Every structure is written in C-alpha cells, then in structure tokens.
Amino acid sequence: MPDQTDPELPRRELRSPELRSPELRSPELPAPFVIAAVEGVTLTKWTRAWQEQRPEIPLEVVRTTSVDQLDPLESGHAQVAFLRDHPADARLSAIPLYSEQAVVVAQKEHPVALFDTVVEADLADEVHHHGSFEDSIALVAAGGGVVVVPQSIARLHARSDTVVRPVTDAPQTGISLAWVTEHTSERIEYFIGIVRGRTARSSRSSPSGGTPDATDRVTERSGRPSKSPPKPGSKKRPTEAEARAAALRRKRSRGRG
C-alpha cells in the first residue's frame, strides 16, 4: 500500500542504490541522513525544513511498523527514529513529542456510527481484531467486529465502508524521537533542533527549547459527525443499527445506576 503520509519525499529518489550502497555512491555525494518512522507519523514539516536548511545532505526515509520500529536504529541504518509507545531503553535517548487519541474502527452500519464518542465499556461485547493495523481494519470492513487504533492509523488506512469514533477513556499512544545515545552526532543534534522548532533564522546555540509548540503537536479530532436525531413524531421504523444503539444506551444507563 503506498505511503499516504509522506508525499514530500519521492520513494524512488530516496531509496535509490546511490544513496543506500556506499560502493555505488558518488564520492562527491555525502551519505544520506536516514530517518526511520513508524507508520502514521507525518514527517512533512520536518523533512521540508531539513531540505531547506541542509540541502547538501540528502534524506532517506524508512517506514516501519510497531513490531520492527527499532530495527533501523539497531542495525545502524537509521540515525534517528520516530517510535510509538516504546518503553525506556538504556541504549537510547528519546524526546517525547505528542500523544495520539485512540479511536474505534467499525463497519459503517455499526451502532457506534450514531454516537460522537464511545467508551471502552460500550465495546466490551464486541469482537476485537488483533494483528497488524492494516489487516485488522480490512477484517473489520469485511466481516464485522471492531479494532481500536491510534487516530493517525485510522486516517492512514481510511476506508469508505468503515466509521471511526474516539474512545474517550482508552489509553493514548505516545510518539517520540529516539536515537542511539553513543551515536549522537552533529547531524542528529541538528535534526533534533528542527523538530524542536529551529528555523533557518534560528541560532544554532539558541534552539527553541524541548517542548514542541502548538504547530508541532498533532491534534487528533473526532471522526465524522453523528447522524441527526429523528424528527419529533416521526414514525420511521428503527434500523438494526439504531436498535443496537438503543440497547447500547440502555446498557450505559444501567452502568451508571
């Protein structure tokens, strides 16, 4: 499936043999700065800033999943990596960047489509799919059930036959920028500065600080608006989804009682 989150860096150009194989690379062309990024992370702002500020150093982007997100760092192929919910590691330095809202993905006719948000208890009786994000969402669309994923993953694998709703009490996931501490270099420090907000006019000795500003944070918003309630006096027969939603409301009321 083509990468939908990084239109700014053409894959053919970035993954060309001249950039990956030292024996094929021109002596005049410096080694690329390699960024690994777990799926769902949008790099456009930071890669564009690097290209504007360090045009002499080519970039290469390696896409990873939550399962193999450490591999490029451990192999030495990538200098930095954007990781999702990676636990503390003595070998790595890491900067927390932002948190992601958890959402549920369900078939378009599922009763969750009638709500703006849901809670985990609403999904307790559902069949939950596990596995890769892309495969799980495909299973939901094909056979029902639900899957809870980060908002950015739902956007990456968006489908017209599914709905997405925030799960307000589900744990959020965190995205961080990490690198191998003993491999810290001038290039890594410069890229950290870009992520923290350094611009071409910023002083190298006075980065903007460790906390991303509002433009650096990803705000995860709710999915599509809920359907309008039926008009008073309407005699329209409830659909199966509406009947299931009514049962879900009754379940919520009993839980609060």
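The values are calculated or read from the model by the stated rules, or taken from the named source; none is laboratory data. For clarity, every value in this text was computed on a predicted model and none was experimentally measured. Note that each Cβ is placed from the backbone with ideal geometry, even for glycine, and that neighbours are counted across all protein chains shown.
Would you please name the residue that is farthest from Ala138 (Cα to Cα), looking only at residues in region 102-116 that are touching a residue at least 60 places away in the same chain (Cβ under 8 Å) and not hydrophobic (A, V, I, L, M, F, W, C)? Among residues in region 102-116 that are touching a residue at least 60 places away in the same chain (Cβ under 8 Å) and not hydrophobic (A, V, I, L, M, F, W, C), the one farthest from Ala138 (Cα to Cα) is Asp116.
Here Gln53 meets the list (1) touching a strand residue (DSSP E or B) at 6+ places or on another chain (Cβ under 7 Å); (2) among the polar types (S, T, N, Q); (3) modelled with pLDDT of 95 or more almost entirely, failing just condition (1). The strands (runs of 3 or more DSSP E) found entirely in region 58-144 that carry 1 or more residues being more than 18 Å from the chain's Cα centre (by Cα) and of a type in the set (Gly, Ala, Ser) are 92-100, 102-107. Residues in region 119-149 that are within 18 Å of Gln101 (Cα to Cα), β-branched (Val, Ile, Thr) and surrounded by 17 or more Cβ atoms within 10 Å (Cβ to Cβ): Ile137, Val146, Val147, Val148, Val149. Residue-level analysis places Pro111 outside the set of residues that are surrounded by 14 or more Cβ atoms within 10 Å (Cβ to Cβ), modelled with pLDDT under 95 and not assigned by TED's automatic domain parsing to the domain that holds Ala246. Among the residues of region 158-204, those that are over 30 Å from Glu109 (Cα atoms) and among the hydrophobic types (A, V, I, L, M, F, W, C) comprise Ile175, Leu177, Ala178, Trp179, Val180, Ile188, Phe191, Ile192, Ile194, Val195, Ala200.
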